[in-house]
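Contents: one structure, followed by commentary.
The numbers here are math on the coordinates, done by the rules we state, and not lab data. Bear in mind the structure is a predicted one, so any value in this text is a computation, not a measurement. We place every Cβ from the backbone using ideal geometry, glycine too, and count neighbours over all the protein chains shown.
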Amino acid sequence: MSATTQEQQVTAHEKLLINELLRMESGDVQKTKSMLTMISDPDLRQQLNACLQTAQAHVKALTDFCERHGIG
């Protein structure tokens, strides 16, 4: 069986949840980017960079999911 035949249809409620998650994660990316310019401590800056990379990965994963499922 292929992966597409095993996938279930995404419900309207799930689409709303995905949209909200994407909005939240995108906001986190923007906030973290703006904070980075204000941080001088190298350890804290490194931690924020790790948070930024994680948030960007979440946004990409959600976007990829939407593309695979025709959610736009």
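Quick check: the angle from helix 12-36's long axis to the longest principal axis of the chain, C-alpha only, nearest 10 degrees?
20
Convex hull over the Cα atoms of the chain, averaged projected area in nm²? Write down the numbers at each step before the final one.
On the way: hull surface 23.5 nm².
That works out to 5.9 nm², a quarter of the Cα hull's surface.
Within straight cross-link reach of residue 15, meaning Cα distance under 14 Å, which aspartates and glutamates are found once same-chain residues fewer than 8 apart are removed?
Qualifying aspartates and glutamates at Cα under 14 Å: 64, 67.
Hey, if you put +1 on the Cβ of every Lys and Arg and -1 on every Asp and Glu Cβ in the chain, which of 53, 11, 69 ends up farthest toward the positive end of that dipole?
Looking along the dipole axis, the top candidate is 53.
For helix 42-68, what angle does its Cα long axis make with the longest principal axis of the chain, in degrees from 0 to 90 and rounded to 10?
Between helix and principal axis, roughly 20 degrees.
For the chain, what does the relative contact order come out to in percent, with C-alpha contacts under 8 Å and a separation of six or more?
On the way: 27 pairs, mean separation 27.6, N = 72.
Result for the chain is 38 percent.
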